[in-house]
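Report on one structure; see the data block that follows.
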């Protein structure tokens, strides 16, 4: 901020800029009057200071005002005769040096202010430009510490902002991801351009793959590093420019695949094909041409066409020289049937049909020449191939036409008009009439047609959204709105389109696809209703399970009680078999009681009426361990845990969750005493809890089945239980908005994981 732009106490700029000159001149006058008897030779010094101060805060206008006031007051109060304005030229000449000095001060200050403003503006513009580019840009000092970064650098490296990168060492940033070379091998940090430039003082460039450790996301990045050297040729800073080339790598792969497909197609063609650039240099040759000419592909590619291929008119033996040049100059195809011979590498004449034509790109620019020739000794085969190629091209043309006509949507291309808001439709497929009823002529001949078909209630928001996206630089836009069909129907439309740019880089039009999403909207409504019905059904089933399980408790208690009464009263009258049968019955009743209790617990998970509340999950774990104290002691288990966080939920259900998971680990402990650890980590908005044991483990194929109710991997005699415990765990976790899973290997133990959103805490 410039000094003249500083306005303390929110003083208006006009008063501030001109009040200071007036005040400073008055102060200079008073000071000069007081010191005049002492230092009369410095009588203009204080007025000069007043001009400097005024010019500093008020600019050249304030300086000139101070100069004028100083001249008037000095003439009246300081110069002889005092208290009288100058009346002749001689008296005014005394003020001339001061006036000149004051004007020079104002001129210098004006230029200083202008230069300072220009510097500040340039700095702001540079910062805007650097933050606006898509490439990441960082500057590192000689110690490898970031001293500057733009927003693109933060985005590519996964940091929230450019400021968060400042002062971070490069090696700290690199810890966030794994690095791989283009061949897939691990890439050490010493091979990165930054490290090499710091070490050698020379520019370096490298393309590599980086995998984020926290998300597993992968990106391809091209990095260029350049040194800034001091006067001793030592690296003072390193400038890094890196670009996310993931999309480019995908396109390279696609192009490579296309190239391979093209080579495959050309390899299958029996005609000889040679493609050249506009200079007549061979770029591509197929195997048939190589075989016919007797050259290898390596010997032919990158050589001049006329050095390799010698065509001659068979009738008069006139060489057909400069074939590529002639085709390009005429910009037309050359065709000769059964009138031309070509000499192979051994000088043998081979009669051929010859066809040469210019190659055009999508914009219609000529980029080369393709030459096709066929040994006429196999004319029939050559004719077949030529016919095949012709039919293939025609089929592709018809296929493209049919696709555009039958795409289940409206394909269009438009041009923005001069007002920047209206569009002229340049192309639309015939399928548009099936969707909205308007003909192709309606689309292309009606001014600003696309605006007229958008529902009036939807047009303002759609227009504002598209305009905002374009202003923000987006070239790919998607949105939904309603259209008015020709018969008055409201048709929900989803559109995806790209913004077409002109040579100047400004929006010139649009090209895209509109699809009728009426069926999808209907399906979404049906799905929502189905989900509502399903929820209602699940609630009814849960209530039924709760009531049924609760009502079974009383008869089960009666059965158990009477069985035990029979055993006590008639113990001496019963034989050994009867006692054993009663024991089986009591055991079965006990297991049924456990099953009913587990069913009750399962049904209650989502019927808990109390609201979630914050609680210490460590306390919940402690309660669960207290309930399992005797079992843990019997198995000689060693149970450890991390410091657990405070979460928002139902504490009683979490006690049950921990108890079931730890009980499971105690039950399936194998030959060794159980070693159980309860851990927790925070990752991407979730608490990830883990319960790890050293038990018998299980095959990976069973990991998804174990959370299904009544699913058991072992018989009751080997490992007791109801098969409901893990199903309860799953239901509790999902009730809290999380998920549960397991990882296990036979003989190597099992680890159960479950997540709880941090937003619940």
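Only the coordinates and a few stated rules stand behind these numbers; no lab work does. Quick caveat, the model's predicted, so the values are computed rather than measured. Here the Cβ is made from the backbone with ideal geometry for all residues, glycine too, and neighbour counts use every protein chain on show.
Counting every Cα pair in segment 407-516, what percent are over 17 Å apart?
51
Using alpha carbons only, how many angstrom separate the centre of segment 184-218 from the centre of segment 289-308?
Cα centroid of segment 184-218 versus Cα centroid of segment 289-308: 41 Å apart.
At 4 °C and 1.567 mPa s, grab the translational diffusion coefficient of segment 214-290 from Stokes-Einstein with a Kirkwood Rh over Cα pairs, rounded to a whole number in µm² per second.
My calculation gives 76 µm²/s for D.
Only counting other Cβ atoms within 10 Å, I'd like 755, 452, 476 sorted with the fewest neighbours first.
By the 10 Å Cβ count, ascending: 476, 452, 755.
Using a 7 Å offset from the Cα along the Cα-to-Cβ direction at both residue 401 and residue 451, what is the distance between the two label points in nm, to one decimal?
Placing both labels 7 Å beyond Cα along the Cβ direction yields 3.5 nm.
Want the number for residue 297 to residue 34: 0.36 nm per residue separation, take away the alpha-carbon distance, what's left?
84.5 nm
Multiply the residue gap between residue 334 and residue 200 by 0.36 nm, knock off their C-alpha separation, and tell me the result in nm, one decimal place.
Extra length from residue 334 to residue 200 when fully extended: 42.5 nm.
Could you line up 431, 57 from fewest to most neighbouring Cβ atoms inside 10 Å?
431, 57
Please list, by residue number, everything in segment 313-341 whose backbone N is under 16 Å from a paramagnetic label point 7 Å out along Cα→Cβ of residue 278.
Within reach of a label on residue 278: 324-332.
In nm, give the distance between the simple-model label positions of residue 114 and residue 247, each being 7 Å from the Cα along the Cα-to-Cβ direction.
It is 4.4 nm.
What's the extension gain from residue 441 to residue 172 if we count 0.36 nm per residue and subtract their Cα-Cα distance?
Gain on extension, residue 441 to residue 172, equals 90.6 nm.
In square nanometres and to one decimal, what's the mean projected area of the convex hull around the Cα atoms of segment 188-325?
14.5
Which FRET efficiency value, to the nearest 0.05, do you get for residue 646 and residue 217 by plugging their Cβ-Cβ distance into 1/(1 + (r/R0)^6) with R0 = 35 Å?
Efficiency for this residue pair is about 0.70.
Which number comes out as Rg/Rh for segment 662-712 once both Rg and the Kirkwood Rh are worked out on C-alpha atoms?
1.03
Using Cβ contacts closer than 10 Å as the measure, can you line up 299, 699 from fewest to most?
Sorted ascending by nearby Cβ count, the order is 699, 299.
Would you kindly work out the equivalent ellipsoid of segment 269-403 from its C-alpha gyration tensor and give its semi-axes, the square roots of five times the eigenvalues, largest first in whole Å?
Here the semi-axes work out to 24, 19, 15 Å.
For segment 134-250, what is the largest minus smallest coordinate of the Cα atoms on each principal axis, given in angstrom and ordered from greatest to least?
Over segment 134-250, Cα extents along the principal axes are 43, 31, 23 Å.
Given labels modelled 7 Å from the Cα in the Cβ direction, how far is it in nm from residue 569 to residue 708?
Here the answer is 4.6 nm between the modelled labels.
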